[in-house]
Ligand code: DGL
């Protein structure tokens, strides 16, 4: 059974590795829109049109049983349009506000995401609905996803650059301080060790990838019974619309090599 994982760059690999663990027999196809990365500053209508077109092309190539949009920035906008268009289950990635509100003891929670994700109604509605009595600090980092792409493209990035991006997450007020940070961009778990080391004080970092993987396992099991998903397998494949990640890096996530993906002519780059 095949699952298509999509992100603007390599961040979705933090989700793909959890899907591989939850569904050991699954074949993963991954599409990274590296030609347009980062998505954080993209206008909503441009983002939606592009992702819908790209997923259309990738579904035709890969015939997946399910599609996982392993990108918070895209998920805040495209899940509805994708579900209206494609028959297979579409799993999204949205900020883990609910688990954060359920576990924070200080009731001070920060959501670390791209500028796009923090400004969307989707995120604000999640906080209004599931945030309980927590005080939320929304931190839209313009650079962190790019820094993650840099370090995984073998460019060195000084600690100070990472520390500056996460600093606004750490808030002290009224004798309380932030104890939980929601990683609301799939790139960030790829540098979690570094974020932990650079944090001004220890916090709980919430990575939603295991929950997304569990959800993927549920919907693919349902799809196998209902929707004619086929039984496509084969080796994992990694496609990118632009820059191709290094082979050694992809191998750590179970992808043998990167291949170019030709976006449809209608998709503006
Ligand atoms: N990995 C993406 C996310 O989860 C975003 C990175 C970007 O394109 O800015 O939001």
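Readers should treat all values here as calculations from the given coordinates under stated rules, not as data from a laboratory. Fair warning: this is a prediction, and the values are worked out from it, not measured in the lab. Neighbour counts run over all protein chains shown; Cβ positions are idealised from the backbone, glycine included.
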Original post:
In the Gaussian network model of the chain, springs joining C-alpha atoms below 10 Å, which of 235, 158, 208 carries the largest mean-square fluctuation?
Top reply: 158
Original post:
Nearest-5 percent of antiparallel DSSP beta bridges in the chain?
Top reply: 5
**OP:** At 7 Å along the Cα-to-beta-carbon direction for both residue 233 and residue 46, put a label point, then send me their distance in nm to one decimal.
**Re:** 4.3
Original post:
Across every pair of different alpha-carbon atoms, what Kirkwood hydrodynamic radius in Å does the chain reach?
Top reply: 18.7
**OP:** Arrange the following residues from fewest to most other Cβ atoms within 10 Å of their Cβ: 61, 129.
**Re:** 129, 61
Original post:
Ranking 39, 122, 30 by Cβ neighbours within 10 Å, fewest first, what do you get?
Top reply: 122, 39, 30
**OP:** Please give, to one decimal in nm, the separation of the simple spin-label points placed at residue 193 and residue 135, each 7 Å out from Cα toward the Cβ.
**Re:** 3.5
**OP:** For residue 171 and residue 125, compute 0.36 nm times the residue count separating them, minus their Cα-Cα distance, and round to one decimal in nm.
**Re:** 14.3 nm
Original post:
Does the stretch 147-249 come out rounded, prolate or oblate, given a ≥ b ≥ c as the square roots of the eigenvalues of its C-alpha gyration tensor, rounded meaning a/c under 1.5 and, failing that, prolate meaning a/b above b/c?
Top reply: oblate
Subject >> Point-to-point label distance, residue 163-residue 102, nm (Cα→Cβ direction, 7 Å offset) >> reply: 3.5
Original post:
Once the Cα gyration tensor of the stretch 6-45 is diagonalised, what are the square roots of 5 times its eigenvalues, in whole Å and ordered largest first, as equivalent ellipsoid semi-axes?
Top reply: 25, 9, 8
Subject >> Solution diffusion estimate, µm²/s, Stokes-Einstein, the stretch 69-210, Kirkwood Rh from C-alpha pairs, 4 °C, viscosity 1.567 mPa s >> reply: 83
Subject >> Theoretical gain in end-to-end length, residue 154 to residue 21 [0.36 nm per residue, Cα-Cα removed] >> reply: 45.3 nm
**OP:** Sort 97, 171, 139, 15 so that the residue with the fewest other Cβ atoms within 10 Å of its own Cβ comes first and the one with the most comes last.
**Re:** 171, 139, 97, 15
**OP:** Would you calculate, for the chain, the mean residue ellipticity at 222 nm contributed by helices, counting each DSSP H stretch of 4 or more residues as -39,500 (n - 2.57) and dividing by all residues, to the nearest 500?
**Re:** -12000 deg cm²/dmol
